[in-house]
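Enquirer: One structure follows; several queries about it will come next.
The values are calculated or read from the model by the stated rules, or taken from the named source; none is laboratory data. Treat the numbers as computed from the prediction; the structure is a model and nothing was measured. Note that we place each Cβ from the backbone using ideal geometry, even for glycine, and neighbour counts take in every protein chain shown.
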Amino acid sequence: MRCPIIPPALLFLGFSVAIASPPPAEDPCAAFTWDVTRERALFRQEAQNLPAGNAAAAAPTLATDRLYQVQLRAQTEVTFATQPGKKLPDEGKRYAGLASLTVATGGIYRIALDQALWVDVIADDSLVQAKGFQGRPGCNAPHKIVEFLLPAGKPITLQFSGGRVSTVKVSVTRSPG
């Protein structure tokens, strides 16, 4: 039996493709480029159930380093603290809600969500611009993380909108970086 001769150029091409193409990650949550160890640990814990507020005055208070399962409301029933930062399509039923938070130490904090929905942070009646975000398709522990610079000792409002499901798991953690 005779072995086929493989041209060197074809052999090199096959070798370089094998090196340049890492095997697909088995865990879609492993694809975050940020260190999400704390968020991943929180999303493995039992979530505390909490109904979302339909207005800022009725918003429940969240604490950092805890996992919550927030029961959202029909978006049409929610009076937002300010216009959401993203206009979402009106088709289909959408869910929304409000929560509040006060951090003792100012800095960059992460809001992690298990669903694809929009999150705004409102401080002093103004939207706080996100510092960065990451999301991973196929991952819901968490699915999306958004970083915001939060002020110390001031109440802020978390505003969720555009959800396609009526519950969302949420955690707030201080960014390690």
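Enquirer: Of all residues in region 123-139, count the ones that are touching a residue at least 60 places away in the same chain (Cβ under 8 Å) and either assigned to a loop (DSSP other than H, G, I, E, B) or under 21 Å from R73 (Cβ atoms) (or both).
Expert: 4
Enquirer: Which one of the conditions (1) under 11 Å from the mean Cα position of the chain (by Cα); (2) surrounded by fewer than 21 Cβ atoms within 10 Å (Cβ to Cβ); (3) at pLDDT 95 or above does A141 fail to meet, given that it meets all the rest?
Expert: (3) is the only condition that A141 fails.
Enquirer: Residues of region 55-76 being surrounded by fewer than 19 Cβ atoms within 10 Å (Cβ to Cβ), in a loop (DSSP other than H, G, I, E, B) and among the aliphatic types (A, V, I, L, M), which ones?
Expert: Selection gives A55, A63.
Enquirer: Touching a helix residue (DSSP H, G or I) at 6+ places or on another chain (Cβ under 9 Å), part of a strand (DSSP E or B), surrounded by fewer than 22 Cβ atoms within 10 Å (Cβ to Cβ) and not polar (S, T, N, Q) - does that describe any residue in region 147-160?
Expert: For region 147-160, residues touching a helix residue (DSSP H, G or I) at 6+ places or on another chain (Cβ under 9 Å), part of a strand (DSSP E or B), surrounded by fewer than 22 Cβ atoms within 10 Å (Cβ to Cβ) and not polar (S, T, N, Q): absent.
Enquirer: Among the candidates K87, K131, single out the residue that is exposed (fewer than 15 other Cβ atoms within 10 Å of the Cβ), out of contact with any Ser or Thr (no Cβ under 6 Å at 6 or more places or on another chain) and modelled with pLDDT of 95 or more.
Expert: Testing whether each residue is exposed (fewer than 15 other Cβ atoms within 10 Å of the Cβ), out of contact with any Ser or Thr (no Cβ under 6 Å at 6 or more places or on another chain) and modelled with pLDDT of 95 or more leaves just K131.
Enquirer: Still on this structure, please answer the following. Could you give every pair whose Cβ atoms fall below 6 Å, whose first residue belongs to region 145-163 and is in contact (Cβ under 8 Å) with a residue 60 or more places away in the chain, and whose second residue is of a type in the set (K, R) and in a strand (DSSP E or B), counting only separations of at least 6 or pairs across chains?
Expert: From region 145-163, the pairs are I145/R110.
Enquirer: Separate question: Considering only region 90-128, state which residues are buried (at least 17 other Cβ atoms within 10 Å of the Cβ) and among the acidic types (D, E).
Expert: D114, D120 - these are the residues of region 90-128 that are buried (at least 17 other Cβ atoms within 10 Å of the Cβ) and among the acidic types (D, E).
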